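Report on one structure; see the data block that follows.
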Amino acid sequence: MNATIYWLGQTQAVAYTEQAMQTNLSVLEAPSYVIRNPQGQIGIALGGNSAPKPDGQYLQVLAQISPLVPQQLGDPSFKSFYNLQYAYKSGAMANGIASEDLVIALAKKGFLGSFGAAGLVPARIEAAIAKIKNALSNETFAFNLIHSPAEEALERNAVDLFLKHQIRVVEASAFLDLTPHIVYYRASGLSLTPQNQIVIANKVIAKISRREVAQKFMQPAPERMLNELVAQGKITELQAKIASQIPMADDITVEADSGGHTDNRPLVCLLPSILSLRDEIQQKYKYSQAIRVGAAGGISTPESTLAAYMMGASYVVTGSINQACIEAGTSPHVRKVLAGVDMADVMMAPAADMFEMGVKLQVLKRGTLFPMRAQKLYEIYREYESIEAIPQGERQKLEQQVFRANLDEIWAKTVAFFQERDPEQIIRANENPKRKMALIFRWYLGLSSRWANVGEAGREMDYQIWCGPAMGAFNDWTRGTYLEKPENRYAADVAEQLLYGTAYIYRIRQLALQGVQLPSSLSVYKPRK
């Protein structure tokens, strides 16, 4: 039988009302004790210590919790590897939605932000690199490298820019397989110290939602690709040799039911599977530093954040909720719409960058007709072999309701666009009528995101807003608090509130595991300044 333990401390540090008890529990830096006084009252004592012998107050300890601050959450090696204060990262929402301001604001507070370079032309990416580098000193930041099977030049040009400007962390996303471009980025940053220690200058965080893709990033780069890069003079034989001894990625972000590109996987199923795969591969390759695995998709409340950490995530990644923040590269209209979203206000729609492959992404359906119109375009693409084959009545509907212009005019605009971005696309389309139709339809899919970002007047019903159910959960959590209003949402503050709440809820759960059931109001953390 366990001996009775008593609390030793100042009596004024004991709270008995619910409000006062929550105040004591909210001091995360100090231990807290659930005590019972001689009159049978249950209270929360802040600080002090415990002993088997009572003092004059006879305050019996029923349970106790140790200090836990937000900086302690997650894997310490993730924080040290990227020079961070928190094991927390923002995802790279494309087209600059994850903007320079967002990345800078998070970096200055010790979080890892990733710029949404996907979909942007090289000049725009270079401008972002310059702005972020000028605003930061030693803080770490990342840039997104998105797999572009339909426009390989985008991926190749992005890697060339990252190497030219010494971007040391990339977030590789939407990859279906490894490409020579991501392998080139990784391998070209490898070297040895005089003591033969491997130096990895170019760090890779791979965002995945499939086990087979995770496996490719967890293993060393394919020998065939390395040999080809050596033959091309892009990397040295030494770099190829080192690359064969390290994984393609330092970190794997498990992307569950997120906004944008997603397979809608449940995090509780996907994360344990990838962690198990990581352990299998570590057993095989014996890397000096095991690959860390983070969690993304649905992270938007203290409870979901805590669940990810408790399942073994080294770090957490937020996405949809950052788009609702002031620093995001989107319009006030979009932020206002997002502030009213419920969890069911999302659906899947065709993706512009992988339209021909039938790949979909998760978008907002509330306040916009984009998902339905985009799906109609894909159905027409599947059914007909060319623009000319579309029945006249169907074509008129497209021109009047979706494109608001003659499709010949849209093609002319498409040609002008790709002349700057990737001229090869036009050459291929001129030789293939179905390819030409795909590019015309992608004109709408691509611009719909831009219209949302800039707040294009008159195009509100065509806004493409990437969003997952996490946004609705976040709105539920912030309802009735200062974060309910979109004009109060700043990315670093949101991150701090989430992690503070996570640490708070974790300590409450510890008390529950010790058999103490506190009033339900104490089991909830709401954002507060």
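Here are a few things to note about the model shown:
- Carbon plus sulfur fraction of accessible area for region 427-492, probe 1.4 Å, in percent: 52 percent
- Taking the alpha carbon gyration tensor of region 232-290, multiplying each eigenvalue by 5 and rooting it gives semi-axes of 30, 17, 7 Å, largest first.
- The apolar share of the surface of region 1-132, taken as the fraction of accessible area on carbon and sulfur atoms (1.4 Å probe, ligands and nucleic acids excluded), comes to 51 percent.
- Contour minus Cα-Cα distance for ALA30 and VAL454 (0.36 nm per residue): 148.0 nm
- Formal net charge of residues neighbouring PRO272 (Cβ-Cβ distance under 12 Å; K, R +1; D, E -1): +2
- The antiparallel fraction among DSSP beta bridges confined to the chain stands at about 50%.
- Sum of side-chain charges, GLN71 neighbourhood, beta-carbon under 11 Å (Lys, Arg +1; Asp, Glu -1): -1
- Per-residue SASA entry for MET372, accessible area with 1.4 Å probe, Å² rounded to 10: 90 Å²
- Compared with the dominant Cα axis of the chain, that is its longest principal axis, helix 122-135 is turned about 30°.
- Approximate spin-label separation MET348-ALA123, in nm, with each point projected 7 Å along Cα-to-Cβ: 3.8 nm
- Solvent-accessible heavy-atom area per residue, rounded to whole Å², over region 356-506 at 1.4 Å: 43 Å²
- Measuring with a 1.4 angstrom probe and ignoring ligands and nucleic acids, THR23 comes out at about 90 Å² accessible.
- For region 519-528, Karplus couplings with θ = phi - 60° (6.51, -1.76, 1.60), whole Hz, Gly/Pro x: x, 4, 5, 7, 8, 10, 10, 10, x, 8
- With distances taken between every two different alpha-carbon atoms, the chain has a Kirkwood hydrodynamic radius of 25.1 Å.
- Once the convex hull of all Cα atoms in region 382-505 is built, its volume per residue stands at 179 Å³.
- Separation between Cα centres of region 362-400 and region 239-311, rounded to whole Å: 37 Å
- Entries in LYS89/LYS336; LYS336/LYS434; LYS131/LYS360 that, when Cα-Cα distance is taken, lie over 30 Å: LYS336/LYS434; LYS131/LYS360
- Per-residue accessible area (protein heavy atoms, 1.4 Å probe) orders THR236, THR301 as THR236, THR301, starting from the largest.
- Two-site FRET efficiency, GLN289 against GLN396, from Cβ-Cβ distance with R₀ of 56 Å, rounded to 0.05: 0.40
- Residue-by-residue Karplus 3J(HN,Hα) for region 270-285, coefficients 6.51, -1.76, 1.60, Hz, glycine and proline x: 6, 4, x, 5, 6, 4, 5, 4, 4, 5, 4, 5, 5, 5, 7, 9
- Region 390-395 - phi-based ³J(HN,Hα) in whole Hz, Karplus 6.51/-1.76/1.60, Gly and Pro as x: 5, x, 4, x, 5, 5
- The calculated FRET efficiency for the pair LYS53 and SER77, based on their C-beta separation and a Förster distance of 51 Å, comes to about 0.75.
- Segment MET461-GLN85, extension gain: residue separation times 0.36 nm, minus the distance between their alpha carbons: 131.3 nm
- For GLY319, net neighbour charge (Lys/Arg +1, Asp/Glu -1) across residues whose Cβ lies under 12 Å away: -1
- Exposure ranking of TYR525, TYR16 by accessible area [1.4 Å probe, largest first]: TYR16, TYR525
- FRET efficiency, 1/(1 + (r/R0)^6) with R0 35 Å, evaluated for ARG382 and VAL524 via beta carbons: 0.15
- Alpha-carbon centroids, region 456-501 and region 1-71: separation in whole Å: 37 Å
- Spin-label proximity, ALA389 to region 352-382 - amide N less than 17 Å from point 7 Å beyond Cα toward beta carbon: 356-358, 377-382
- Listed by chain and number, the lysines whose C-alpha is less than 26 Å from the C-alpha of LYS286, apart from same-chain residues fewer than 8 away, are LYS79, LYS203, LYS207, LYS216, LYS241.
- Compared with the alpha-carbon gap, the fully stretched path from GLN39 to GLU212 is longer by 56.1 nm at 0.36 nm per residue.
- Area of ASP263 that stays accessible when all protein chains are in place (1.4 Å probe, Å², to 10): 40 Å²
- Under 17 Å from the Cα of LYS164 - aspartates and glutamates, other chains or at least 8 residues apart: GLU126, GLU155
The values are calculated or read from the model by the stated rules, or taken from the named source; none is laboratory data. Source: prediction; values computed, not measured. For neighbour counting, all protein chains shown are included, and Cβ atoms are generated from backbone atoms with ideal geometry for every residue, glycine included. These area figures cover heavy atoms from the full protein model, side chains too; ligands, DNA and RNA do not enter into them. Shrake-Rupley method; radii C 1.70, N 1.55, O 1.52, S 1.80 Å.
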